[in-house]
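Notes follow the structure.
Only the coordinates and a few stated rules stand behind these numbers; no lab work does. All values reported here derive from a predicted model rather than from experimental measurement. Counting neighbours? That spans all protein chains shown, and the Cβs are built from the backbone with ideal geometry, glycine included.
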Amino acid sequence: MTEKKDGANSVRSNDLLCCPFCGAEAFIWPILGNMWKVSCTKDCVTMPSRFDMGFTSEQEAIKFWNQRAT
C-alpha cells in the first residue's frame, strides 16, 4: 500500500479522525477516476473494503470514516 500513502494522488485531511482500530492517522485517496477511499496509514483498515468500491465524493468518504459507535 505504499503507493497510496506516498503517491501524488493521496490526500491527508485534518477533517479525518484517527483510525478507530489502532489510532493511526488516516488519509483519503481517489480510485477509478471519480471515487474515494479512506485508509489507515498503518494498513489496518480501508473503507470501503472491496477494491472495486468507493465513495462518490471526498465529503461522503470523510463522513462515513468519522462515524463512531457511541
What nm value, rounded to one decimal, do you get for the distance between N66 and L17 when each label is placed 7 Å out toward the C-beta?
-> 1.0
Where labels lie 7 Å past Cα in the beta-carbon direction, separation of E25 and D43 in nm = 1.8
Which of the peptides 43-54, 22-33 is most tightly packed, and how do the rest follow, going by the mean number of other Cβ atoms within 10 Å of each residue?
-> 22-33, 43-54
